[in-house]
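This report refers to the structure that appears directly beneath it.
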Amino acid sequence: MADTRKIAQHLQRLAPLSQQLDLPADKRQQLWQAVYDYAERFLSQQDTLPAFVDGQYDKAQFKDQVIPEQGQPIAPLLALLQERVDTPGLNPASGGHLGYIPGGGLFPSALGDYLAAIFNRYAGLYFGSPGAVALENHLVDWMIELFGWPKTAAGNLASGGSIANLTALVAARDHRKITPENVRQQCIYLTQQVHHCVHKALRIAGLSFAQLRTIPMDDQFRMDVEALSQQIRSDQADGLTPMLLIASAGTTDTGAVDPLGELHQVAKENNIWFHVDAAYGGFFQLTEEGREKLKGIEAADSIVVDPHKGLFLPYGTGAVLVREASHLYASHYYQASYLQDAEMEGAPLSPADLSPELTKHFRGLRMWLPLQLYGLAPIRAALEEKLWLARYFATAIRQLPGFEIAIEPELSVVLFRYVPRSGTPNTANQRLLSAIHSDGRVFVSSTTVEQTFWLHLAVLSFRTHQPTIDTLLEVCRSVTADWD
Ligand SMILES: *Cc1c(COP(=O)(O)O)cnc(C)c1O
């Protein structure tokens, strides 16, 4: 048997070292100041920093770094971050980020994350932190109300749109009692423009064994309702079960919003779960124009939105909403003996009961703090500004010789390209994209729709204003000025 005196001696040797983990106030102040200064330098330079730094992949490596046995001062670590992490590649904090789907990263969210990390409240279960759970539920309720849903709905703050989509599709699967035996009889309807994370989610959920029906689109890249109805009728005639309809409220590629109202009618008549992926477009619901465009979304059975896109939060916050709370709960609620203390009669739903996660980041704080500090007015204005900036670009780019757009922007995505008088357009546009990337002041991405290579502009950073768009127009003009 170990002798307690010997154990005590051993503990006395360990304690001085282990106590180093708990920093004293002056040390905390010093570290905080260094991080604050580093972040401030970055923020105050946002107008001049490039949106994209190309070709520094060799510099962005950590292979020469070891995790040391003894700690180091912070200054060289921040210098290392600056050189290797915060410079090469895309700068998503820049207003010049106009590719993929940007967002920006509101400053108060960083403070929310700071507080969440310091207090480390347990936002998984109500018993652990009734306040943290109530705050997250309150944000979910706010989104539920935004989409005009009844109080019977529930939701969850996820890490992003991908996990949010997965969470919703799992709820749909379980509600429809899909099993390995009956999955092949199920039909799932979507378009070629659905986000790839939906396919990933279907696969993870075991639903890729169902019959996936890729419904044709109209000339605006929206699901063709008549084609959907026909497909459903033909599936029913074949003895299959129409199960799930996946619509997009703002596709990533073209910004198209599927005809949600009509799709809902078809879903309802045929007893189909109606899922709307609004990861990109959902928060335009905060604007009058957006509400008009998203009409019908209120009829969905599940909705995904991405606060790290349309609410301008830093990466790491998506949200899933499910019209019937019980459907989300039934798929995700579990009991475990080590959590028996957390079982409380009449407690509100907890995030851990509604998602695959147990212990999780207290994401609510990074969303709640900016909403409270700013209020909704500047957020609504910024979203409306993005819609107008996309229209402004779509109008102006067509006035440049040789440029065309794919479709009138529905929300804030514009697909555009240069059509050379001779030579292949796809090659010319790849060249144009490279030129924009090496200029680096603004960043756009590209996409291929039905074999045509398009440059992809997505205006959704809160830091993007008219001068940013003018810079892109100027780069496009000067790069192509001596072409043809
Ligand atoms: C961004 C996006 C997703 C995926 O969301 P993540 O937050 O990147 O995981 C899904 N659907 C659409 C329409 C999106 O724009």
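Readers should treat all values here as calculations from the given coordinates under stated rules, not as data from a laboratory. Predicted model, so just to flag it, every value in this text is computed and none were measured. Every residue, glycine as well, gets a Cβ built from its backbone with ideal geometry; the counts of neighbours run over all protein chains shown.
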So the label point goes 7 Å from the Cα of residue 419 along Cα→C-beta, right? Which residues of region 439-471 then have their backbone N under 19 Å from it? 447-457
Students often check this: by mean Cβ neighbours within 10 Å, which of 461-467, 330-336, 343-349 ranks highest, and how do the rest follow? 461-467, 330-336, 343-349
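Let me check I've understood the local charge: for residue 409, count other residues with C-beta under 15 angstrom from its C-beta, Lys and Arg +1, Asp and Glu -1. What total comes out? Numbers along the way, then the final one.
Numbers: positive: 222, 293, 386, 391, 398, 417; negative: 219, 253, 289, 292, 384, 385, 404, 408, 410.
Counting the neighbours of residue 409, the net charge comes to -3.
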Any aspartates and glutamates with Cα under 15 Å of the residue 59 Cα? List them, leaving off those in the same chain fewer than 8 positions away. 83, 86
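Based on other C-beta atoms within 10 Å, arrange 243, 217 from fewest to most. Each step should come with its number before you reach the end.
Values: 243 25, 217 19.
Arranged by neighbour count, lowest to highest, 243, 217 become 217, 243.
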Through the Karplus equation 6.51 cos²θ - 1.76 cosθ + 1.60, θ set to phi - 60°, convert the phi angles of region 204-211 into ³J(HN,Hα) values in whole Hz; use x for Gly and Pro. 4, 7, x, 8, 6, 7, 6, 7
Would you please give the residues with an amide H less than 5 Å from that of residue 90, counting only those at least 5 places away or on a separate chain, with H modeled from the backbone geometry? 53
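Order these by the 10 Å Cβ neighbour count, fewest first: 225, 133. Walk me through the intermediate numbers first.
On the way: 225 17, 133 26.
By the 10 Å Cβ count, ascending: 225, 133.
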Links that overshoot a 21 Å alpha carbon limit, given the list 151/295; 63/360; 177/295; 309/386: 63/360; 177/295
What helix-only [θ] at 222 nm does the chain give? Using -39500 (n - 2.57) per DSSP H run of at least 4, over all residues, to the nearest 500, the answer is -13500 deg cm²/dmol
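If you count, for each residue, the other Cβ atoms within 10 Å and average over each peptide, how do 284-295, 470-481, 420-431 line up from highest to lowest?
On the way: 284-295: 18.8, 470-481: 17.1, 420-431: 13.8.
Listed from highest to lowest mean packing, they are 284-295, 470-481, 420-431.
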Here region 63-80 yields Karplus 3J(HN,Hα) values (6.51, -1.76, 1.60; θ = phi - 60°; whole Hz; Gly and Pro given as x) of 5, 7, 9, 10, 7, x, 7, 10, x, 10, x, 7, 4, x, 5, 5, 4, 5
Arranged by the count of other C-beta atoms within 10 angstrom, fewest first, what order do 454, 142 take? 142, 454
Phi-based couplings in Hz for region 11-19 (Karplus 6.51, -1.76, 1.60; Gly and Pro marked x): 4, 5, 6, 6, 4, x, 6, 5, 5
Taking the Cα centre of the chain as origin, sum charge times position over the Cβ atoms of Lys and Arg (+1) and Asp and Glu (-1), and report the length of that vector in debye to the nearest 20. 800
Which Rg and Dmax, in Å, describe the Cα atoms of the chain? 25.3, 89
Protection proxy (average C-beta count within 10 Å per residue), highest first, orders 15-22, 231-238 as 231-238, 15-22
